[in-house]
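Trainee: So that we are looking at the same thing, I have put the structure below in structure tokens.
The values are calculated or read from the model by the stated rules, or taken from the named source; none is laboratory data. Quick caveat: nothing in here was measured; it's all calculated off a predicted structure. As a convention, Cβ positions derive from the backbone with ideal geometry for all residues, glycine included, and neighbour counts pool all protein chains shown. Accessible surface is based on the protein model in full, side chains and every heavy atom, while ligands, DNA and RNA are left aside. Shrake-Rupley method; radii C 1.70, N 1.55, O 1.52, S 1.80 Å.
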Amino acid sequence: MLNPIMSSDRSSKKVCVVGAGMAGLAAARELRREGLDVTVLEQLAGVGGQWLYDAATDAGDPLGMAGVHSSVFASLRINGPRESIGFSDFPFRPTNDAGGDARRYPVHGELLRYIRDFCDAFGLMDAVRLNTTVTRVAMAPPRRDGSLRWAVRSKRHGEAETEEVFDAVVVAIGHYSQPRLPTIDGMDRWRRKQLHSHSYRVPDSFASEVVVIVGCSVSGAELALELRRVAKEVHLSTKSTEETITSAMSKSVARYENLHLRPQVEHLREDGTVVFDDGSFVVADAVIYCTGYNYSFPFLDTNGKVTVDDNRVGPLYEHVFPPELAPSLSFVGIPGKVVLPVFIEVQARWVAQVLSGRRTLPSPEEMQRAVEEHNRGMEAAGLPKRWTHDMFLDLERCDDYGERICGFPRMEQWKKEIFVSSLSDMVDDIENFRDGYHDSDLVRDALRRHGWTPAEEDDDAHK
């Protein structure tokens, strides 16, 4: 078995966490619980990461390849029920503060408030350095016993760049800031408005326009539903009309005359014509790409030991540890389609326990074999490389993962039921699922027992 970082005093181990969003704060808390000395470096002016809303957009670069960190648009409401998505020991309860949003699916500002409350409740702010951009993370000369160390360069706004050496680095920067763009013939010659959803904030500038949205993901569907209120026409382009969200949109398309489902875009013309695979076309004023994001770690220098290939970050044992660099380098928050923040809490706890010496890892060779076996399984199943880190919202698989790596308790059945029900409601009617839910007897009883609702209140509100 691979030994963890060795030290006679846990508190003498210096750990750098890159990022103060959900993942970074989760990591900071778990590391402190294990008695480690934690420093969190955050480029923004506050904690919250992706949920720190920024009304500014990449005005000079509407495709969003550089600039603003957040991808949150102004009217966004979370799409997971608050009762099931909080940290395991810190529920996402409504606030009585003025301006709070007590709904099950509140606006994004409520989630930011929750993240800040979590930070305050566990006294993490004194470990966070705001307005500090990490410019380089690279291996430093190892210790005498051969254990790795990391040189971290950072620059605080308005100050000179500095460098510090840490025993370990946890990368926790999220993966919703670097837009992933499609390759469509004519994109480079398109003279009208085009942007990635990363740069979308409000619908006003699209009033009376014809808009084509490329990608029928959740974000594509939600932007289409918002824009149809102000746009002349909205055309939602999808690779397949059999996709889950596409079928969920069928009810909305039937409701609104200016909302249309279209096949995949074949090419764009300079005169504003958008041609689809079936030969049909529209003359559009704007094209919005809702085509996902790329993993990007421009500051990380591992001499090729960690790479990103078509959104496969690797090799990563259990999506966390690079075999050749473990345990001194780790990643928290890489997997997608998971229940947040509890999944990152699982990963953060595992990292902290390994670094403190409470748990050990397999040998680098065993970890590498496990990664290769996972990748071969994906290929045999015909799954694309970019799905390497997807957990597909499989709650049992996520529970098995948490139990396996750090003995994390399984999610309570009522929480699973309310979460799965929310997914079913979304597929049934993506426009109204946040306000038209109906809880089972199991869920209603659990909500009352755990203090979420007074007796009968939730049932009466949603009969």
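Trainee: Take Leu442 and decide whether it is assigned to a helix (DSSP H, G or I), among the hydrophobic types (A, V, I, L, M, F, W, C), open to solvent by 40 Å² or more (accessible area, probe 1.4 Å) and at pLDDT 95 or above.
Mentor: yes
Trainee: I'd like to know if segment 122-141 contains one or more residues that are open to solvent by less than 20 Å² (accessible area, probe 1.4 Å), assigned to a loop (DSSP other than H, G, I, E, B) and in the same structural domain as Lys305 (by the TED database).
Mentor: yes
Trainee: Wholly within segment 142-254, which strands (runs of 3 or more DSSP E) include no fewer than the required count, namely at least 1 residues that are open to solvent by 10 Å² or more (accessible area, probe 1.4 Å) and acidic (Asp, Glu)? Steps first, please.
Mentor: Details: elements: 149-156, 161-166, 168-171, 193-196, 210-214, 233-237.
Those strands (runs of 3 or more DSSP E) span 161-166, 233-237.
Trainee: Please go through segment 277-308 and pick out each residue that is part of a strand (DSSP E or B) and within 25 Å of Leu361 (Cα to Cα).
Mentor: Selection gives Leu300, Asp301, Thr307, Val308.
Trainee: Still on this structure, I have one more. Pick out the one residue from Gly80, Gly35, Gly64 that is on the phi > 0 side of the Ramachandran plot, part of a loop (DSSP other than H, G, I, E, B), open to solvent by less than 40 Å² (accessible area, probe 1.4 Å) and modelled with pLDDT of 95 or more.
Mentor: Among Gly80, Gly35, Gly64, only Gly35 is on the phi > 0 side of the Ramachandran plot, part of a loop (DSSP other than H, G, I, E, B), open to solvent by less than 40 Å² (accessible area, probe 1.4 Å) and modelled with pLDDT of 95 or more.
Trainee: Taking the stated definitions as given, is Glu257 open to solvent by 30 Å² or more (accessible area, probe 1.4 Å), in contact with a helix residue (DSSP H, G or I) (Cβ under 8 Å, 6 or more places away or on another chain) and assigned to a loop (DSSP other than H, G, I, E, B)?
Mentor: Working: open to solvent by 30 Å² or more (accessible area, probe 1.4 Å): yes; in contact with a helix residue (DSSP H, G or I) (Cβ under 8 Å, 6 or more places away or on another chain): no; assigned to a loop (DSSP other than H, G, I, E, B): yes.
Criteria not met by Glu257.
Trainee: Within segment 273-302, track down each residue that is farther than 18 Å from Pro182 by Cα and not aliphatic (A, V, I, L, M).
Mentor: Passing the criteria: Asp278, Gly279, Ser280, Phe281, Asp285, Phe297, Pro298, Phe299, Asp301, Thr302.
Trainee: Moving on to the next point. Could you please find all residues in segment 405-418 being touching a residue at least 60 places away in the same chain (Cβ under 8 Å) and in contact with an Asp or Glu (Cβ under 9 Å, 6 or more places away or on another chain)?
Mentor: Hits for segment 405-418 are Ile405, Phe408, Pro409, Met411, Lys415, Lys416, Ile418.
Trainee: Something else about it: Would you be able to say whether some residue in segment 42-49 is modelled with pLDDT of 95 or more and among the polar types (S, T, N, Q)?
Mentor: As a first pass, look at segment 42-49 and keep what is modelled with pLDDT of 95 or more: 42-49.
Okay, now just the ones that are also among the polar types (S, T, N, Q), so 43.
Yes, some residue in segment 42-49 is modelled with pLDDT of 95 or more and among the polar types (S, T, N, Q).
Trainee: While we're looking at this one, here's another question. Looking at this structure, is Ala380 aliphatic (A, V, I, L, M) and either under 24 Å from the mean Cα position of the chain (by Cα) or open to solvent by less than 70 Å² (accessible area, probe 1.4 Å) (or both)?
Mentor: No, not satisfied.
Trainee: Going by the structure shown, is Arg144 touching a residue at least 12 places away in the same chain (Cβ under 8 Å) and either under 26 Å from Ser12 (Cβ atoms) or not assigned by the TED database to the domain that holds Pro263 (or both)? Reasoning before the result, please.
Mentor: Values: touching a residue at least 12 places away in the same chain (Cβ under 8 Å): no; either under 26 Å from Ser12 (Cβ atoms) or not assigned by the TED database to the domain that holds Pro263 (or both): yes.
Judged against the criteria, Arg144 is not a match.
Trainee: Sticking with this structure for a sec: Would you call Glu345 crowded, with 19+ Cβ neighbours inside 10 Å, in contact (Cβ under 8 Å) with a residue 24 or more places away in the chain and in a helix (DSSP H, G or I)? Don't jump to the end; show me each part of the working.
Mentor: Values: crowded, with 19+ Cβ neighbours inside 10 Å: yes; in contact (Cβ under 8 Å) with a residue 24 or more places away in the chain: yes; in a helix (DSSP H, G or I): yes.
So Glu345 passes the test.
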